[in-house]
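The values are calculated or read from the model by the stated rules, or taken from the named source; none is laboratory data. A quick note: this is a predicted structure, and the numbers were derived from the prediction, not measured. Cβ atoms come from the backbone with ideal geometry, glycine included; neighbour counts cover every protein chain shown.
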Amino acid sequence: MTSTPTTTPQSPSISIAVVGGGIAGLCLTLGLLKHPHIDVHVYEAAPTFSEFGAGVEIGPNAQTALRLLSPLAERAFTETTTGNLWPSHENIFCDYIIGVGENEGKLLCAQKCETGMQSMHRARFLDKLVEGIPQERAHLQKRLIKIEDKDSDGGVILHFKDGTTAVADAVIGAEGIRSVVREHILGPEYADPVFSNSIVYRNIRPMDVVIEKLGAEYAQKATILCGPKRGFLSDRIENGHMANLAALIFEVPSWDYPTFHVPAKREELDILFAGWGEKVQALVELMDTPHLTKWAIHSHPPSRTPTYVSPLTPCALIGDAAHAMPPYAGSGAGQAIEDALILSHALSLTTHPSQLHTALKAYDSVRRPSYAATTVSVAFPEAF
């Protein structure tokens, strides 16, 4: 059984299969939908399009990328984003403040940015992106298990867990940190992500509750309270109605759970932040709900990703499948959006399947060095 329509002389000349319906995959799909000669389909393993995590930050470069990518992508951003709500911080990305010791409360720096920190709930942003995807182009419950070359006339066959297949001229792996397409391109030795020796505790609380605990100014701007091998982030999502809270813990020796995230207890934070200042203790109290979780931070470092493109088949990686990065970098979603812009443009210039590999290599030559440079610039734990 094949999931995509058979190509006819009247059909688009290029077919693209996007594997994974997260931010990277949907942004790429929206970018390709602008080009009538490209028949793009997106395949998602889950029963619905969904995203793990809570808040996501979008910087100026990614905002520009969304505008260039598609009006629908830009609208998804503008309808879900929340900037710093405190008037003096409209152009501040984040305040970094000492959270422990004799200098507690001292401002280390106010990171400036023309748009300030623009934050949103991942699931809401994804919902808006999905609205721009025609139903016939979106395929749910399609978990990829294998990729193979079609035959001598080119193309790729995708095999799904439900026994169905799909055929495309090129496959783009956007299925996240655990990626079948990544294993196909790089081999099993580079397939698995690397534990970063960092974890993050996450929760979301109503803004009025956070204002009551921390005061309006603190609650309505993005802040990280810093200390030795620890940090506590708070920012706004859901148009300022909710606060995204995250406690960052570095130099964690191991992660001994079978999944990437598990339920957590407030008592763990009491121990980790014992002796910290008043604001941090208030944040710890705010984390005390049944929804508190802790997440292992994994990544795909540049040293383990020598290419984003297969040398043999027309396959490429974008987003976390290519370069999963720690959330404290504040760049993961932005990097995925920039990937989608560059790759959609490169693919739009092709008119025949024989040109696809050249387009994919051009994308790789632009985006892989850019990501490597980004990882050098976000050595966040070393600053603590």
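A compact table of results
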item	result
Failed item in (1) of a type in the set (Ser, Thr, Tyr); (2) in the same structural domain as residue 228 (by TED's automatic domain parsing); (3) closer than 19 Å to residue 345 by Cα, with residue 96 passing the rest	(3)
Matching residues, region 287-313, being part of a loop (DSSP other than H, G, I, E, B) and either of a type in the set (A, V, I, L, M) or closer than 20 Å to residue 201 by Cα (or both)	287, 288, 289, 290, 291, 292, 312
Residues satisfying the stated conditions in region 356-371, i.e. touching a helix residue (DSSP H, G or I) at 6+ places or on another chain (Cβ under 8 Å) and of a type in the set (Gly, Ala, Ser)	359, 362, 370
Pick from region 103-119, criterion surrounded by 12 or more Cβ atoms within 10 Å (Cβ to Cβ) and under 20 Å from residue 82 (Cβ atoms), ranking: nearest to the chain's Cα centre (by Cα)	119
Extreme residue, surrounded by the fewest Cβ atoms within 10 Å (Cβ to Cβ), among residues of region 205-226 that are in contact with a Phe, Trp or Tyr (Cβ under 6 Å, 6 or more places away or on another chain) and farther than 30 Å from residue 253 by Cα	217
Test: residue in region 285-294 that is within 29 Å of residue 73 (Cα to Cα) and touching a residue at least 24 places away in the same chain (Cβ under 8 Å)	no
Count of residues meeting criterion [crowded, with 17+ Cβ neighbours inside 10 Å and out of contact with any Leu (no Cβ under 7 Å at 6 or more places or on another chain)] in region 282-292	1
Flag if residue 229 is under 26 Å from the mean Cα position of the chain (by Cα), of a type outside the set (Phe, Trp, Tyr) and surrounded by fewer than 22 Cβ atoms within 10 Å (Cβ to Cβ)	yes
Which listed residue is out of contact with any Ser or Thr (no Cβ under 8 Å at 6 or more places or on another chain) and at pLDDT 95 or above, from 199, 157, 185	199
